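Following: one structure in structure tokens, then a few remarks.
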Amino acid sequence: MADGATETEVELTDGFHLIIDALKLNGIENIYHVPGIPVTDLGRMMQAEGMRVVSFRHESNAGNAAAIAGYLTRKPGVCLTVSAPGFLNGLVSLSHATTNCWPMILISGSSEREIVDLQKGDYEEMDQLAIAKPLCKAAYRILHAEDIGIGIARAIRAAVSGRPGGVYLDVPASLLGQTIEAAKGAQSLIQVVDPAPAQFPSQAAIDRALDTLKGAKKPLIILGKGAAYAQCDDLVRQFVETSGAPYIAMSMAKGLLPDDHPQYAGAARSLVLKESDCVMLIGARLNWLLSHGQGRQWGEPHTKKFIHIDIDPKEMDSNQPIDAPLVGDIESCLTMMTASMDGWQKPDAEWTDAITTKTAINIERMSGKLMSNAVPMDYHGALGRLKKIFADHPDAILVNEGANTLDFARSIIDMSKPRKRLDVGTWGVMGVGMGTAIAAAVETDHPVVCIEGDSAFGFSGMEVETICRYNLPICVVIFNNSGIYRGTDTDPTGRDPAPTVFVRDAKYDMMMQAFGGEGVTARSPDDLERAVRDAIASRKPTLVNALIDPEAGTESGRIGNLNPQSVVKKK
Ligand code: OXT
Ligand code: ADP
Ligand code: MG
């Protein structure tokens, strides 16, 4: 302090600025947000300090944006919400991020501890920390400005290290205005060093995995979204090609190697799951999406051997006995494996030829359907055109949700680059579409095409205003079949619409027009192709209302078998 200076001239900082400085110090620049008490000024100040603040219409969508930002960047996506109701809205997506193993931080304003803990009835009173804890990977509260550096550092490290996941950070209103000396504040901030350290397995585990793979006559590799998240794309490709094994990709791992790769067995999925004798999982869990590794689909009773790479040791043996567990990060595991694969003997041609033949038959069978010019459109006719568009635009990002709309698009549209297909993830959750699309555009600046069931779109549709407000290069294509799965159900009593149907031929295109974007109705595959190509070229916010035959879909798409059946005869 200069001679004669008074106490008040000491430079101060406060909770608002320390949070901003701590995030920026750790390379976090984008915030997905809904403003309100007590965080309105925090959002404003973040923007003033050069952060990109994307303000949504509902916290669930802001949270879904943060979740996918984490997946795409390997840095925690940050969602900033108000207390109680805003916090609860954001919590669904925090759990979604945790379930999918994506790093995310939900920062939520909260009411004052003294009032909440005595339940005196504060504005938006809620014990948020207690509620968040079981639904995320870690949860912290910061009470003192000098602890902000530690709080943010802990949240970042918890989100990205080991198996990534969602972290809750509770920020009481009084923290934001707390002041401390600026120099002391700056000193208290932490730049996290090596937030997701490499985790190498032992050489013995590698040798066991190599021996198991070597012993296989009919090996199969399954790539999951953990492998896409790991961002060691060249190494994954090198390993797959050196092994010579056929592989399939789980939904969001499509494109990690291009879907037209000669070893890709996606179009012979049933065959390879059933007939393989050794399955190597790389960043994919043997959960419901793989029928827990059992049942008819897997050719049960089977004696398949399993090799499993996962960063979480608890994942091993969760569904099937794992013969060769490889606990470590994918990059470290595959680096060690490929180092010992010189002169590797590829699988017998008998196995790979059978797959190539089946693949060719299935692709041929499908290609006829993709030429359909039926009006009203069926799923194949519409998706056949979108398939061509993605082939011409390999950098475009595909966001996809719905039931039939999801399942048909997954098997019809090839992806040729990693992390270009973003969808409903492990929970199969509807409503992720607009948040996912917005974050994909913000984080990558690539054009985004969302292929949305009309029901799926309804969960987050108001965010078309956000898309227009930020002028994002997003084209939303609504597969409008006037319902959930189909648009043809009726109420047996004749009183109401059936629970699964919507207003017939709704004009969703007008929603986009209402906010200044392009809104187009597509009745035919030609209309659809033209509209989407125009949208990608112009990068203007666009909504294409694609009218699909209400009779074209099936109950629950490809997962109708999960519906319980009633034994009582229908009236
Ligand atoms: O080998 P076989 O013969 O089996 O064939 C396979 C491949 O070999 C072949 N194939 C190919 N052939 C030729 N060429 C190529 N290139 C090719 N590629 C593949 O195709 C078949 C299929 O291959 P696929 O897809 O790889 O394999 P399969 O067997 O399907 O894989 C199994 C799974 C389980 C891995 C896969 O199916 C999968 O990933 N499924 C995910 C399913 C999912 O998550 N669904 C979403 C949830 S459904 C339901 O819950 C819905 N809700 C309820 C609800 C939800 N979810 N959330 C919330 C918050 N509230 C409520 C609702 C409300 S869906 C829904 C709305 C639905 O209505 P919409 O209007 O939105 O949508 P529409 O249905 O369109 O009306
Ligand atoms: P999919 O739905 O595509 O099958 P899952 O979400 O079920 O994929 O599985 C992803 C798995 O990847 C999780 O079990 C997670 O622990 C794991 N994982 C994520 N990142 C890494 C990494 N860098 N190294 C190893 N495993 C990882
Ligand atoms: Mg529908």
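Considering L370, L386, which residue is of a type outside the set (D, E) and open to solvent by less than 10 Å² (accessible area, probe 1.4 Å)? Before the answer, list the steps.
Numbers: L370 fails: open to solvent by less than 10 Å² (accessible area, probe 1.4 Å).
Sole residue among the options that is of a type outside the set (D, E) and open to solvent by less than 10 Å² (accessible area, probe 1.4 Å): L386.
Taking (1) over 26 Å from L94 (Cβ atoms); (2) surrounded by 24 or more Cβ atoms within 10 Å (Cβ to Cβ) in turn, Q187 satisfies each apart from (2). Flag set for L106, criterion: in contact with a strand residue (DSSP E or B) (Cβ under 8 Å, 6 or more places away or on another chain), away from ligand 1 (no atom under 16 Å from the Cβ) and on the phi < 0 side of the Ramachandran plot.
Determine whether segment 318-325 contains at least one residue that is open to solvent by 20 Å² or more (accessible area, probe 1.4 Å) and within 17 Å of P246 (Cα to Cα).
Let us first name the residues in segment 318-325 that are open to solvent by 20 Å² or more (accessible area, probe 1.4 Å), namely 318-323, 325.
Next, only the ones that are within 17 Å of P246 (Cα to Cα) stay: none.
No, segment 318-325 contains no residue that is open to solvent by 20 Å² or more (accessible area, probe 1.4 Å) and within 17 Å of P246 (Cα to Cα).
Taken together, the criteria place S524 among residues that are under 22 Å from I389 (Cβ atoms), among the hydroxyl-bearing types (S, T, Y), surrounded by fewer than 24 Cβ atoms within 10 Å (Cβ to Cβ) and more than 16 Å from ligand 2 (Cβ to nearest atom). Among the residues of segment 499-523, what is the count of those that are in a loop (DSSP other than H, G, I, E, B), among the small types (G, A, S) and out of contact with any Asp or Glu (no Cβ under 8 Å at 6 or more places or on another chain)? Total satisfying the criteria: 2.
Residue count for segment 131-154 satisfying the condition of being closer than 19 Å to N64 by Cβ and open to solvent by less than 50 Å² (accessible area, probe 1.4 Å): 2.
Hey, among P219, P201, P262, P246, which residue is within 11 Å of ligand 2 (Cβ to nearest atom) and more than 25 Å from the chain's Cα centre (by Cα)?
Result of the check over P219, P201, P262, P246: P201.
Take T426 and tell me if it is surrounded by fewer than 24 Cβ atoms within 10 Å (Cβ to Cβ) and in contact with a Pro (Cβ under 6 Å, 6 or more places away or on another chain). Spelling it out, it is not the case that T426 is surrounded by fewer than 24 Cβ atoms within 10 Å (Cβ to Cβ) and in contact with a Pro (Cβ under 6 Å, 6 or more places away or on another chain). Select from segment 289-306 the residues that are in contact (Cβ under 8 Å) with a residue 40 or more places away in the chain and either open to solvent by 60 Å² or more (accessible area, probe 1.4 Å) or in contact with a Pro (Cβ under 8 Å, 6 or more places away or on another chain) (or both) and write down the one among them that is nearest to ligand 2 (Cβ to nearest atom). Going through the qualifying residues, I end up with L289. Name the residue that is nearest to G557 (Cα to Cα), counting only residues in segment 480-518 that are open to solvent by less than 20 Å² (accessible area, probe 1.4 Å) and more than 16 Å from ligand 1 (Cβ to nearest atom). Across segment 480-518, the extreme among qualifying residues is D509. Scanning segment 456-477 for residues that are crowded, with 23+ Cβ neighbours inside 10 Å and within 16 Å of ligand 3 (Cβ to nearest atom) turns up A456, F457, S460, V476, V477.
The values are calculated or read from the model by the stated rules, or taken from the named source; none is laboratory data. Quantities reported herein were computed from a predicted structural model and do not represent experimental measurements. With ideal geometry, Cβ positions are generated from the backbone for all residues, glycine too; neighbour counts draw on all protein chains shown. When the accessible area is computed, the model is the full protein with side chains, heavy atoms only, and any ligands, DNA or RNA have been set aside. Shrake-Rupley method; radii C 1.70, N 1.55, O 1.52, S 1.80 Å.
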